[in-house]
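FYI, it's all coordinate maths here, none of it is from the lab. These figures come from a predicted structure and were not determined experimentally. No Cβ is skipped: glycine too gets one built from the backbone with ideal geometry, and neighbour counts run over all protein chains shown.
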Amino acid sequence: MKRRQLLERIQNEHEFDVIVLGGGINGACLYDTLCRQGYKTLLLEKNDFSSGTSQSSGMMIWGGLLYLRNLDLASVIELSFSRDQLIQQKAQWLAPEMMRYLPSSGSGRAKWWVHSGLWLYWMLGMGRRRHPRSENHFVEKELLKPGLVNGSLTYEEAFLAHSDARFVYRWMAPHRCAGQMVLNHCNHSGVFSAKDKSWHLDVEDEIAGRHCQVRAKMIVNCAGVWTDQVNAAFEINSPFRHVFSKGVYLGIPRAEQHQASLFFELGEHDDVVTFVPWGPISLWGPTETAVPDISEGLMASRQDVDYLLEHYARRFREPISRADIVSVRCGIRPLVVDSQYQESCYPLDLSRRQEVIQHKTLPWISCYGGKITGCTRMASKALKLINKAVSATAQSYGADDAWEAALTQMEFPGLSQKVPTATWCAQHELCCTLEDYLRRRTNIAQWIPRGGLGGNDANAQALKNIALDLAHGDPMSAAQLFETYRRKVIDHLDALLANN
Ligand SMILES: Cc1cc2nc3c(=O)[nH]c(=O)nc-3n(C[C@H](O)[C@H](O)[C@H](O)COP(=O)(O)OP(=O)(O)OC[C@H]3O[C@@H](n4cnc5c(N)ncnc54)[C@H](O)[C@@H]3O)c2cc1C
């Protein structure tokens, strides 16, 4: 649906059962759950869908092997269950994949210890995946320094088919019935009225500058690392809060031999570092750095890049430099703690649990923590609370699960895979800016250097054509979209990867 029509619909159908704040994986999956249950639901996203942590993950749907380190068996059992449920129910969105753990030949966990841990992991997942195996010969070994690892151990997880950002969008897209809408790039503010027991929100669309008023019986705060900020804005208190851990990946050109995701011992904090094949690139990372506030975790720093390059050089025959880096991903993990929590520790020592809590007196639910893998579990916890407080009132709620059938695709210079056209994304996926398109509706910004611009702005004309499609043929707006994007690439990515 075009944005203009959507705004008109929101203005006309302004009464909802539930408003979901935040269009990352947790908001999107909850929106899908509510729509399928017949709730009139509005999802509001302040930037673009998936523009928070959900666009910067490792894209693994996994049982949380690493959390065995903390004996966090509850998280492993829950995540393994969610992983296997997603594999079963969303076969077109993700696929099982063998992962390769590489025990170090020097210090680090002994191979027999890791092997035993993988069997325990497999059993905690009720043996639903292929069992672990030892493999001494594997193709990626050619890329590694001789004598670095002591064979390999394989085990099965799953990996997202296209990207994490597209995974998020796919949960929301099928729902177009009356009273079911999502809106990105919007601001909101509001209050609870005891008179009609409803929340009243003023919504401002940042793209068209339009305002509208909406009403709902319940609000669910799915704002990820911004959950506490959103709660504060609505004067909601909570027994939980988030602490933040910044995670950075480097995207580098993928070698032919790179077939499976590799897990190396990091050699610090009992952690691992991964090497994940993704289309034409390999992702190297992530870092795990506690940051005191969100603003310090939003962008990768030169230290993050140096740290990852140094760890890369220790393990691979051919070191890489800043000039080889195709893209950088940076996100903040939302880690839930009790509101009184004061300690500081290595973030991996904290449980990756999730908490869904309803306010004592107001119809307001806050979602904390969690992972992409656990999204359906988070949604069903929220649904249970919503069911008790609000009845579903949508007249019809069929989902259009074939919404992508008419998707139009095009080629982009340097990519062998086709990408959705900008016209399709503008008309059907609420895609407004070049960053929405290049970073989240497609993987161009991740797979082509300089956010898709290419060296020496080689793809400038291609990006200008895309901007014209996004701007519905208006040359002034298209030029502005292009310049805003190019400036961001120069100021952030070029500056980060410059040699001095
Ligand atoms: C480096 C890294 C690697 C990871 N790898 C994996 C992995 O491999 N597998 C896995 O399962 N998990 C992984 N995770 C964890 C996972 O990515 C996150 O837990 C998950 O994406 C969080 O989703 P969310 O919806 O809670 O938050 P977000 O994705 O951040 O979504 C919150 C949204 O709320 C919006 N928002 C903020 N304020 C407002 C407001 N006032 N109104 C409306 N909207 C608002 C934001 O713009 C944002 O889009 C990884 C995380 C990191 C950082």
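Size of the dipole of the stretch 1-119 about the Cα centre, Lys and Arg at +1 and Asp and Glu at -1 on the beta carbon, nothing else charged, in debye to 20?
400 debye
Tally Lys/Arg at +1 and Asp/Glu at -1 over every other residue whose Cβ is under 12 Å from the Cβ of Pro253; what's the total?
-2
Hey, what angle do you get for helix 111-124 against the long axis of the chain, alpha-carbon based, 0 to 90 degrees rounded to 10?
So the inclination is approximately 30 degrees.
Lys197: which lysines have alpha carbons under 19 Å from its alpha carbon, excluding same-chain residues fewer than 8 sequence positions away?
Lys40, Lys217, Lys360, Lys388
Rounding to the nearest 20 debye, state how big the charge dipole of the stretch 14-69 is about its Cα centre with +1 on each Lys and Arg Cβ and -1 on each Asp and Glu Cβ.
So the dipole magnitude of the stretch 14-69 works out to roughly 240 debye.
Angle between the Cα long axis of helix 375-389 and the longest principal axis of the chain, 0 to 90 degrees, nearest 10?
The answer is roughly 30 degrees.
At most 13 other Cβ atoms within 10 Å and a DSSP loop assignment: could you name the GluC sites (Glu not before Pro) in the stretch 368-465 that fit? Write out the running numbers ahead of the final one.
Numbers: sites: Glu404, Glu411, Glu429, Glu435; in loops: Glu404, Glu411, Glu429.
Qualifying residues, ordered by number: Glu411.
Once you place label points 7 Å from the Cα toward the Cβ at Arg130 and Glu343, how far apart are they in nm?
The modelled label-to-label distance comes out at 3.9 nm.
Rounded to the nearest 20 debye, what is the charge dipole size of the chain about its Cα centre when +1 sits on each Lys and Arg Cβ and -1 on each Asp and Glu Cβ?
Its charge dipole is roughly 920 debye.
Going by average Cβ density within 10 Å per residue, which order do the peptides 70-82, 471-483 take, highest to lowest? It would help to have the intermediate numbers written out before the result.
On the way: 70-82: 18.5, 471-483: 15.2.
My ranking of the peptides, most packed first, is 70-82, 471-483.
How far apart, in nm, are two points set 7 Å out from the Cα along the Cα-to-Cβ line at Leu415 and at Arg210?
2.9 nm
Report, by chain and number, residues whose modeled amide H sits under 5 Å from the one on Met410, excluding near sequence neighbours (fewer than 5 apart, same chain).
Correct list: Val419, Thr421.
As I understand it, the dipole of the chain uses +1 on the Cβ of Lys and Arg and -1 on the Cβ of Asp and Glu, about the Cα centre. Which of Met218, Pro319, Ser339 lies farthest toward its positive end?
Of Met218, Pro319, Ser339, it is Met218.
In nm, to one decimal, how far is the modelled label at Asp306 from the one at Ala194, with both set 7 Å along Cα→Cβ?
Between Asp306 and Ala194, the label points sit 5.8 nm apart.
Using alpha carbons only, how many degrees (0 to 90, rounded to 10) separate the axis of helix 475-488 from the longest principal axis of the chain?
40 degrees
Which of Ser75, Leu102, Gln11 sits closest to the plus end of the dipole of the stretch 8-133, meaning its Cα is farthest towards the positive end, when Lys and Arg get +1 and Asp and Glu get -1 on the C-beta?
Comparing the listed Cα positions along the dipole, Leu102 ranks first.
Gln395 to Glu235: extension gain in nm, 0.36 nm per residue of separation minus the Cα-Cα distance?
Full-extension gain reported as 54.3 nm.
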